[in-house]
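*Asks:* What follows is a single structure, and I will ask about it in a moment.
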Amino acid sequence: MRNFSTDEIIGQEVAKTYIKFYKSNPQKIPGLLIFHGPSGVGKWSMAERFSYEILCLHGNGCGHCESCKLFLTHSHPDYIQFPESIRIAIGDDKNPEEFTVRWLLSKRVSYIPHTSKYRIVLLPDASRLGDEAETALLKTLEEPPAHTKFIFIIDDLKKLKDTIQSRGIKIPFQYLSKSSIQEISGEKHIYYDEIFGGSLSPFMADSSFIKFAKDKISEQIKDPFLLLKLENWVRAYKQDHPEWEEDFSYLEFLEIVSTLLLFAYSKVENSMKELEAIFEFKNDLHKSIAGLENFLISRLFHKLQHL
């Protein structure tokens with residue numbers, strides 16, 4: 001039987017203290033738990049394993065009961081995991097679509113759980129709650145049914161309204177230590193790069209793309225001609241991105257490129273002006289001005305070629 005336990009989570013001792021307490025005292029689990037902290041440090045893995053153990057008919061993730069078997073086959077009727085990549089809307093009043101707030105409240109939360117003692121509602125990215133959806137949830141989060149527990153995952157608490165935060169218990173997750181990262185990447189054969197900092201997956205892109213882009217950038221910052229080729233590649237990648245086809249985001253791509261440029265130039269002596277140009281690019285990247293990306297790319301590479 002598959003081993004699927006919160007004890008498997010490496011690091012995150014503060015968060016594990018909360019989880020251990022709630023596992024031992026499930027009757028004290030509040031209506032809303034907010035797992036917050038950097039991406040790629042174990043929030044979602046912890047939330048899934050915690051849900052599995054709480055829903056278990058024996059309360060320990062036995063792996064043998066009906067609940068455990070349903071959970072491990074992704075068919076548990078009392079575990080509702082919202083998609084990570086969609087904006088969560090309030091939904092139609094009379095016939096709400098699946099994974100909207102009105103669907104959740106009218107079709108799921110209002111009924112008692114089917115198999116387990118509890119129902120778990122997991123939002124892998126609570127920042128995707130629309131304003132109306134957030135408002136519609138407030139009353140339920142303030143006085144949730146005893147059988148329903150919400151888990152919100154978010155990287156930055158500033159993205160969650162104070163009215164939501166005040167209705168839950170916030171469980172902090174931190175960047176992983178170097179030893180924890182080495183242990184996890186070794187056990188699970190996960191690609192890790194020092195640019196990730198204390199996270200195993202700080203970017204939306206697959207790690208294979210990160211390695212591909214890092215190699216390309218480190219090779220092409222060596223002279224102005226190669227930098228011109230790199231600029232053309234950056235521009236063209238908006239339309240043609242064979243190494244990153246699923247859930248591609250050009251803004252995220254530019255963030256990754258600028259981070260890799262910072263890393264590459266940090267290894268070059270007397271590169272302070274180049275680093276300043278890259279920081280300026282990153283700082284201006286998120287200004288909501290149409291067509292700004294092309295201007296910023298031109299300005300950045302012009303400076304890198306002539307400094």
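*Asks:* Calculate what fraction, in whole %, of the accessible area of the chain sits on carbon and sulfur atoms when a 1.4 Å probe is rolled over the protein chains.
*Replies:* It is 50 percent, rounded to a whole number.
*Asks:* Still on this structure, I have one more. How large is the charge dipole for segment 1-136, taken about the Cα centre, if only the Cβ atoms of Lys, Arg (+1) and Asp, Glu (-1) carry charge, to the nearest 20 debye?
*Replies:* For this selection, approximately 420 debye.
*Asks:* Report the trypsin sites (Lys or Arg not before Pro) located in segment 205-307 that are in a DSSP loop and have at most 12 other Cβ atoms inside 10 Å of their Cβ, or state none.
*Replies:* Taking segment 205-307 and a limit of 12 other Cβ atoms within 10 Å, the loop trypsin sites (Lys or Arg not before Pro) found are K222, K267, K287.
*Asks:* OK, next. Based on the Cβ-Cβ distance from K303 to T163, what FRET efficiency comes out when R0 is 41 Å, to the nearest 0.05?
*Replies:* That gives a FRET efficiency of 0.40.
*Asks:* Follow-up. Give the shape of segment 43-113 as rounded, prolate or oblate, defined through the alpha-carbon gyration tensor: a ≥ b ≥ c are the square roots of its eigenvalues, a/c under 1.5 means rounded, and otherwise the shape is prolate if a/b is larger than b/c and oblate if not.
*Replies:* Note, shape of segment 43-113 comes out prolate.
*Asks:* Quick one: helix 131-142 against the long Cα principal axis of the chain, what's the angle to the nearest 10°, folded into 0 to 90?
*Replies:* 40
*Asks:* Shape of segment 8-53 from its Cα gyration tensor (a ≥ b ≥ c, root eigenvalues): rounded if a/c is under 1.5, otherwise prolate when a/b > b/c, or oblate?
*Replies:* Prolate, since a/c reaches 1.5 and a/b exceeds b/c.
The values are calculated or read from the model by the stated rules, or taken from the named source; none is laboratory data. Nothing here was measured: the structure is a model prediction, and the numbers come from that model. Every residue, glycine among them, receives a Cβ derived from its backbone with ideal geometry; neighbour counts consider all protein chains shown. For accessibility, only protein heavy atoms count, side chains too; no ligands or nucleic acids. Shrake-Rupley method; radii C 1.70, N 1.55, O 1.52, S 1.80 Å.
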